[in-house]
1. What's the whole-number percent of alpha carbon pairs in the chain lying beyond 24 angstrom?
2. Kindly work out what percent of the DSSP beta bridges joining two residues of the range 2-168 are antiparallel, to the nearest 5.
3. Of VAL69, VAL127, HIS148, which is farthest towards the positive pole of the range 2-168's charge dipole, taken about the Cα centre with +1 and -1 on the beta-carbons of Lys, Arg and Asp, Glu respectively?
4. Hey, if you put +1 on the Cβ of every Lys and Arg and -1 on every Asp and Glu Cβ in the chain, which of GLN47, LEU91, VAL28 ends up farthest toward the positive end of that dipole?
5. Per the helix-only calculation at 222 nm, which mean residue ellipticity applies to the chain, given -39500 (n - 2.57) for every DSSP H run of n ≥ 4 and division by its residues, nearest 500 deg cm²/dmol?
6. Among 155-162, 112-119, 81-88, how do they line up by average Cβ neighbours within 10 Å per residue, starting with the highest?
7. Got the relative contact order for the chain handy, in percent, Cα pairs under 8 Å and 6 or more residues apart?
8. Would you order TYR164, TYR36, TYR106 from fewest to most other beta-carbon atoms within 10 Å of each residue's own beta-carbon?
Amino acid sequence: MKPLLALALGVLVLVGAPRASEAQSFAVVDLKSAVYQTEDGIRAQAQFKKLLDKRQQDIDAKQKSLAKVRTDIERQSRFLSREALTRRMELWQSEMVKLQSVFVDYNKELEKKQSELTEPIVKKMIVLVTKVARADGFDLVIDKQIAHYVRPDLDITDRIVQMYNSGEGG
């Protein structure tokens, strides 16, 4: 979702070039919020949460295991030789580094999965935003997240979500 969402977070739709004498018409849409308000988005979010929960359980289990090893090392530190203690601490640190690497890999995997799940929804929404912009004569539709202030009547997010859920997204 990153490349597409990055584009969508900027200017979403610019329809035609307005003449200097014409008044310009604008609208905003909260695309990120809208994605998760759609039925497809809710399903995607549930699927993503399952994967996230699984990965979190894996990380938690590994952290718990390493915490136990650390506690064991601390308990045995008075009985171990300096060399043995150093070896065990080095092994523990090595396992911690591996866990950090796994965490980074999981985050990359989760970002990729989220993108895979939401990108088709975003594409359909951009089609709907364009359709609404043309039908209502908006010259510009921008993502609400980049606007500091928006009059509520300029927000077409709910309309886009309703259109999407009714099947107009294609």
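All of the numbers you see were taken from the coordinates with simple rules; none came from a lab. Every value quoted in this text rests on a predicted model; they were computed, and no experiment measured them. Every residue, glycine among them, receives a Cβ derived from its backbone with ideal geometry; neighbour counts consider all protein chains shown.
1. 55
2. Of the beta bridges lying entirely in the range 2-168, close to 40 percent run antiparallel.
3. Among VAL69, VAL127, HIS148, the one farthest towards the positive end of the dipole of the range 2-168 is VAL69.
4. Result: LEU91, furthest along the dipole toward the positive end.
5. When only DSSP H runs of four or more count, the value is -23500 deg cm²/dmol.
6. Averaged packing, sorted descending, gives the order 155-162, 112-119, 81-88.
7. Relative contact order, the chain: 54 percent.
8. Neighbour counts put them in this order, fewest first: TYR36, TYR106, TYR164.
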